[in-house]
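Asker: This structure is in structure tokens; I'll ask about it shortly.
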Amino acid sequence: MVFFEDIAWIFDIALLMVLLYVSIWDLSKYRVSNIAIFIGFVIGVGRWYMCGGIASMLYSLGVSVIPILAMFLLFKIRVFGAGDIKLLSVIFCNYRIEAGSKIFLLSMILGAVFGAAKLIWRGQLFLRFYRLVRYIGDVIQTKRIERYYDIERDGTTSAVPFALCISVADLCYWGLCL
């Protein structure tokens, strides 16, 4: 009989391959592939089915809803894309609450650092800060929440490929076990 601990590394490698693909896709197209998201969920469901059966599998699917609930408002104003949130759901499905939360927090920090570095490099830090202050003022004044970021209006110069940040955070967790 094969024990789950003996083959757990296969699921880890498979997920890392999905994250590598998603990162490259996000860097080039500023989108996250839904097929890769589906494969990531299959990996997570398979991992937990092998580990603890149907109950464990259903629990991991339930846990995967946490990022969707936590980031829904940020999605509505287009701070995060749907693909980024779905990718975080894949992380939660594969690693559960504790590890998923750590990877989520680390990816947020990495995204902030990467985004600030990109804005400084392109000389747009003060322009984006001004845009943020103006956006907050507009929301307060009109009491309507509009999109903060629109790729057609704002372009990709200040966009952060957040899937890359999630992938690097996953690698840090996997390698360092934070």
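Asker: When the range 115-126 is examined, which residues are found to be assigned to a helix (DSSP H, G or I) and without any contact (Cβ under 8 Å) to a residue 12 or more places away in the chain?
Answerer: ALA116, ALA117, ILE120, TRP121, LEU125, PHE126
Asker: Next question, about the same structure. Report the residue count in the range 26-36 for those that are open to solvent by less than 80 Å² (accessible area, probe 1.4 Å) and not small (Gly, Ala, Ser).
Answerer: So the answer is 3.
Asker: Of the residues that make up the range 39-56, is at least one touching a Phe, Trp or Tyr at 6+ places or on another chain (Cβ under 9 Å) and under 26 Å from GLY115 (Cβ atoms)?
Answerer: No: zero hits.
Asker: Here is a follow-up. Where residues in the range 121-178 are among the β-branched types (Val, Ile, Thr) and crowded, with 16+ Cβ neighbours inside 10 Å, which of them is nearest to PRO67 (Cα to Cα)?
Answerer: For the range 121-178, the residue satisfying everything is ILE166.
The values are calculated or read from the model by the stated rules, or taken from the named source; none is laboratory data. None of these values were measured; they are calculated from a predicted model. Positions of Cβ are generated from backbone atoms using ideal geometry, with glycine treated the same way; all protein chains shown enter the neighbour counts. Ligands, DNA and RNA are stripped out before the accessible areas are found, and what is left, the full protein with its side chains, is counted by its heavy atoms. Shrake-Rupley method; radii C 1.70, N 1.55, O 1.52, S 1.80 Å.
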